[in-house]
Amino acid sequence: EEHFTSVRRLSSATGYSKSCVQRLLSKELRLKPYRLQMLQRLKESDYEKRVTFARAVLQRGEQFSKTIVFSDESSFYLNGKVSTHNVRIWGSERPSIFVEHERNCPKVNVFCAMSTSQIFGPYFFNEDTIKSDEYLDMLKHWCLPQLPDDIIFMQDGAPPHWALDVRAYLNAHFPQQWIGRAADSDDALIRWPPRSPDLTPC
């Protein structure tokens, strides 16, 4: 039976120390602390695209992987939204739990990129919602000027990345040197599989 409370609150309610409660959960009840994971729900057609992407990268060899600069954006909410960093769920097996959260609360949008040897960022957007104009402006004036010429730039399939002006800019300045959602074979070098944030180290 699932019961939602923290170790700290359980410690306060029972009068036992936090370490004692953790020991009871672990040794007596044989429960394990599982970290909460946020996963994107995949569609049936996504699996083949993910395998195709993985094979395309592997076929190009280890040196190719070292030239990729992975990028991603993240939103940090200011309303105390659950942090997957310090939440643990104690159970005898890995739980499948959904956590509800409030939408449209204040947030900070941050962009970062990384290669095997360097981290680029963070870059903080001024806007609450990242649109293609803001994303392209960031690429032109902040991100791409920092990148070496011999890299492969990776971006995912977020709507701002899909805009015609963003793809046109990447095709002009990084022809066949970027990974992303692509309209046709003349765009991205490799198509990024949709709903696959787990494939980027960011």
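How would you classify the range 121-202 from its alpha-carbon gyration tensor, with a ≥ b ≥ c the square roots of the eigenvalues: rounded for a/c under 1.5, else prolate if a/b is greater than b/c, otherwise oblate? Working shown, then result.
On the way: a/c = 1.33, a/b = 1.18, b/c = 1.13.
Here the range 121-202 falls in the rounded category.
Full extension from ALA168 to ARG41: what is 0.36 nm times the residue separation minus their Cα-Cα distance, to one decimal in nm? Present the calculation step by step, with values, prior to reporting the outcome.
Numbers: separation 127, 0.36 × 127 = 45.72 nm, distance 3.01 nm.
Result: 42.7 nm gained on full extension.
Give me a comma-separated list of calculated 3J(HN,Hα) values for the range 10-20, in order, Karplus coefficients 6.51, -1.76, 1.60 applied at θ = phi - 60°, integers in Hz, x for any Gly or Pro.
Going residue by residue, I get 5, 4, 5, 6, 9, x, 7, 5, 4, 5, 5 Hz, with x marking Gly and Pro.
If R₀ is 35 angstrom, what is the calculated FRET efficiency for the pair THR67 and GLU134, using the beta carbon separation as r and rounding to 0.05? Provide the component values of the computation, followed by the final result.
Values: r = 27 Å, r/R0 = 0.77.
Given R0 = 35 Å and the Cβ-Cβ separation, E is 0.80.
What residues have an amide H closer than 5 Å to that of PHE120, excluding those fewer than 5 places away on the same chain, when H is modeled at 1.01 Å from N in the peptide plane?
ALA113, MET114, SER115
Quick one: order HIS161, HIS141 from most to least accessible surface, probe 1.4 Å. Can you show the working numbers first?
Numbers: HIS161 5, HIS141 135 Å².
Largest to smallest exposure gives the sequence HIS141, HIS161.
LEU31 versus CYS112, label points 7 Å from Cα toward the beta carbon: distance in nm?
If labels sit at LEU31 and CYS112, their model points lie 3.1 nm apart.
With a 1.4 Å probe and all protein chains in place, put VAL108, VAL69 in order of accessible area, largest first. Could you put the intermediate results ahead of the total?
Details: VAL108 55, VAL69 0 Å².
Correct descending sequence by accessible area is VAL108, VAL69.
Step through the residues of the range 144-161 one at a time and calculate ³J(HN,Hα) from phi using the Karplus curve (6.51 cos²θ - 1.76 cosθ + 1.60, θ = phi - 60°), rounding each to whole Hz and writing x for Gly and Pro.
Karplus values, whole Hz, x for Gly and Pro: 5, x, 7, 7, x, 6, 9, 10, 10, 8, 10, 9, 8, x, 4, x, x, 6.
With a 1.4 Å probe and all protein chains kept in place, how do THR52, THR67, THR200 rank by accessible area, largest first? Don't skip to the end; give the middle numbers.
Details: THR52 85, THR67 35, THR200 15 Å².
Output order, biggest surface exposure first: THR52, THR67, THR200.
Ignoring ligands and nucleic acids, what accessible area does SER45 show with a 1.4 Å probe (Å², nearest 10)?
70 Å²
Sorted by packing (mean other beta-carbon atoms within 10 Å per residue), highest first, where do 27-33, 7-13 land?
On the way: 27-33: 11.3, 7-13: 13.1.
So the order, starting with the most tightly packed, is 7-13, 27-33.
Taking 0.36 nm per intervening residue step and subtracting the Cα-Cα distance, what contour gain separates GLU48 from LYS18 on full extension?
Numbers: separation 30, 0.36 × 30 = 10.80 nm, distance 4.61 nm.
Using 0.36 nm per residue and subtracting the Cα-Cα distance, I get 6.2 nm.
Could you list which residues have their amide H under 5 Å from that of PHE153, counting only those 5 or more apart in sequence or on another chain, with H placed in the peptide plane?
Answer set, sorted by chain and number: VAL69, TRP178, ILE179.
Mind listing the phi-derived Karplus ³J(HN,Hα) values for the range 23-31, rounded to whole Hz, using 6.51, -1.76 and 1.60 with θ = phi - 60°, and x for any glycine or proline?
Those phi angles translate into 5, 5, 4, 7, 8, 7, 8, 6, 9 Hz.
The values are calculated or read from the model by the stated rules, or taken from the named source; none is laboratory data. Bear in mind the structure is a predicted one, so any value in this text is a computation, not a measurement. All Cβ positions, even for glycine, are placed from backbone atoms using ideal geometry, and neighbour counts span all protein chains on display. Areas reflect the complete protein model, heavy atoms only, side chains present, ligands, DNA and RNA absent. Shrake-Rupley method; radii C 1.70, N 1.55, O 1.52, S 1.80 Å.
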